[in-house]
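The values are calculated or read from the model by the stated rules, or taken from the named source; none is laboratory data. Keep in mind it's a predicted model, so treat the numbers as computed, not measured. Cβ atoms come from the backbone with ideal geometry, glycine included; neighbour counts cover every protein chain shown. The area values use the complete protein model at the heavy-atom level, side chains included, leaving out ligands, DNA and RNA. Shrake-Rupley method; radii C 1.70, N 1.55, O 1.52, S 1.80 Å.
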Amino acid sequence: MKTNQIAGRCVLACVFVYLLIQIYYLSNYIVPSATKEPWRDFVCLFLIQSVFFAVCIFAVFIFLFLQLIKRENTSPFDALLLVNSEGKIKREVLLSDKHSFLITGAKNGRDVFIESIHDPDSDRYLYGVCNLVNGRWYFETMTASRPIGLKRGNENVIYRLKEGMLYQLDASDVIYADTCKIVIREQKNIWRD
């Protein structure tokens, strides 16, 4: 599908350049040299048609650019589910308008919280930070003294995360912090390249 998109955009770009050259040629060489009225009307109509199609193609490029910017600032995940050690969903955090959040824990290590990066609770222990960059979520562990793990997709291995390293999160990943796990729920109807 990506090859078809690139080919389609290249064809549009070529048609756009062709129309710009045609508009330049018509307006600078043909229209001034057309002396008879029917010929001049025909050339002007052709010029107007070329300008119209060039503007339409330019509008398509603007629309595609705006969609790209929107896609890069939109989370591919719908929510995070905070699941306790008994397998029950303790909390659901929607990610629709978020660009970053903190994963914190109680000092005793029993509870895990997902908090806004703007107003964290100072009485909690910081596990790590998640940031949305170009439409992808990245997790960075902030400490090595408390274990935090990551299970990738269908693998049966939980990897212990190293402090200060960035890990790109996918929809099938599960983050483990103390006795809780954080499950990612993917958005349905989101278009990605």
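Structure values in brief
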item	result
Fraction of alpha-carbon pairs over 14 Å apart in the stretch 87-173 - percent	68
Size of charge dipole - the chain - debye, nearest 20, with Cβ of Lys, Arg +1 and Asp, Glu -1, no other charges	340
For the stretch 124-177, convex hull volume per residue from C-alpha positions, Å³	75
Relative contact order computed over the stretch 1-136 (Cα-Cα under 8 Å; 6+ residues apart), in percent	18
Of all accessible heavy-atom area on the stretch 1-154, the percent that carbon and sulfur account for (1.4 Å)	63
Paired Rg and Dmax values of the chain, which use every Cα atom, in angstrom	27.2, 92
Per residue solvent-accessible surface (Å²) - the chain, probe of 1.4 Å	64
Scaled radius of gyration (Cα, divided by 2.2 N^0.38 Å) that the stretch 73-125 gives	1.21
For the stretch 1-107, alpha-carbon Rg relative to the globular expectation (2.2 N^0.38 Å, N residues)	2.06
